[in-house]
1. Run the 1.4 Å probe and let me know the accessible area of Tyr101, rounded to the nearest 10 Å².
2. Excluding residues fewer than 8 places away in the same chain, name every one of the lysines whose C-alpha is closer than 30 Å to that of Lys269.
3. For Lys390, what accessible surface area do you get with a 1.4 Å probe? Give it in Å², rounded to 10.
4. Give me the accessible area of His367, 1.4 Å probe, in Å² rounded to the nearest 10.
5. Calculate how large, on average over all directions, the projected area of the Cα convex hull of segment 336-382 is; give the answer in nm² to one decimal.
6. Tell me, what is the per residue accessible area of segment 385-470 in Å², probe radius 1.4 Å?
7. Would you calculate the volume per residue, in Å³, of the smallest convex hull containing every Cα atom of segment 334-470?
8. For Gly429, which sequence-distant residues (separation of 5 or more, or a different chain) have an amide H within less than 5 Å of its own amide H, given hydrogens modelled in the peptide plane?
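The values are calculated or read from the model by the stated rules, or taken from the named source; none is laboratory data. The shown structure was predicted, so the numbers you read here are calculated from the model rather than taken from an experiment. Cβ placement follows ideal geometry from the backbone for every residue including glycine, while neighbour counts extend to all protein chains displayed. Keep in mind that these areas ignore ligands, DNA and RNA; they rest on the heavy atoms of the full protein, side chains included. Shrake-Rupley method; radii C 1.70, N 1.55, O 1.52, S 1.80 Å.
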Amino acid sequence: MISYFIYTIISLGCSYAVYVLLLRKQKTFQFNRFFLIGSLLLCLVAPFMEIELFKAVPSITEIPLEEFTASVVETQPIEDVTFGEAQQVDHSQKSPFFYVYIIIALFLVLRFLKNLSKIYGLTRNEYEYDGKLKVIKSTDSDMVSSFFNYMFIPKQHTLSREDYKSIIAHETVHSEELHSVDIILLELLSCIFWFNPFIWLYKKATLQNHEFRADEKSVSSGIDIENYSNTIINLGQKEYRVPLTSGFNFIQIKNRIIMLHQSKSSVFKRTLNIISVSLLLAGIFVLSSYKDLKEPLVVVIDAGHGGHDSGNLDEKNIVLNISHQLSLLSSDNIRIITTRTEDTFFTLQERVEFINTQNADLVVSLHANAHSNPLTNGVEAYYNDKDEFKDKSYAFGKILLENQMELFSTNRGLKTVPMYIFRHINSPGVLLELGFITNEEDHKVLMNVDRQKQIAASIFEGLEEIRKSN
């Protein structure tokens, strides 16, 4: 999640810079509005969207950040662990920063709900229609503001006829163009992403753009620009408005007067700016959206048997070699942890104790089968049927089993039987029986080093599929 937070700060910063440099001073208010809201949402969801076409392009999120995150575990030799002293790690403990984040987020959410409740209460008051607006006289604010089609006006207002006409035209634009939707969205996002400074800058820029748009349309409706400018100046001393509403004098008077009297750029310049902005935003999106920012899948590979327990014929060495090949494939997305790297024996209890300290998303136990009938062949799997892990174990086992069918001719199915490891591990688990060592064809596959690498690769492909579906 740290990578995601840093990505959103970088990407929103880049998008905001594009807005400031190319759009903020342009009178393309409608386009600016959709750019601000669209780029904000795209930057927040892009890390969870993948574009396979651009896999070769380095991502913004590939900036080295390892010092902020847990190290990738390539292979963790089990012989370095003293099992007699192993203790269950409480992974439920959260960083103090997590609790700080939650407290502040909850405070902002409660404030948002309080303000929303206040507006709801105001809308229950008596109102009069003025065009499309429901005008409510209120003592809660000394400033005119609106929320959807409700307009709140000070009960003891001293507005002239010209000022009132300008305000009605202005607030009608806010209502017709649903600016309140933007405000609610921005409030919710600022509750969740309060730590991101660009969220607050986006919020300010969007509200400013709303006012520019309402000013422009009000004047274009036939209101005299000088009278309208005087209205802005006359009401400029008002400071407090009802929260979550669109206020008539929400932003600096100077900015609004300048923008109101500013001439539009040429069509060519506006078009060029819009094209440039679109290309830059698309570039930011493409360079980041394919990058998968899910938490890595932590997988413990338990090579069966070892030491004096050879298993079936040469089973202990076969599964150890496959386990070693899998450890070499460990990556940022899939972290492989092995229970043994040498021909060493560990009891089932020792294996369970080690596994449960890893906080694994999946445990894969590797074995090779045997049968008195040499014609019996194929792969089969067993899954952890404990209630809390049953569904995931079954789904994971099915994927891993099907991925072996390019190397083995028979799929003997996915089953479940009581096993010590499954009864005691605290994660989903799958036991793979990788062919029958007593069958001639399966034996050739299991004893061949290149085929062992292929088995490891096919298991890893299955893990990648599991991670994408998880």
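1. Accessible area of Tyr101: about 60 Å².
2. List returned: Lys25, Lys27, Lys203, Lys204, Lys217, Lys254.
3. Accessible area, nearest 10 Å²: 90 Å².
4. Rounded to the nearest 10, that gives 30 Å².
5. 4.9 nm²
6. 51 Å²
7. Looking at segment 334-470, the number lands at 117 Å³ per residue.
8. Val363, Asn384, Ser393
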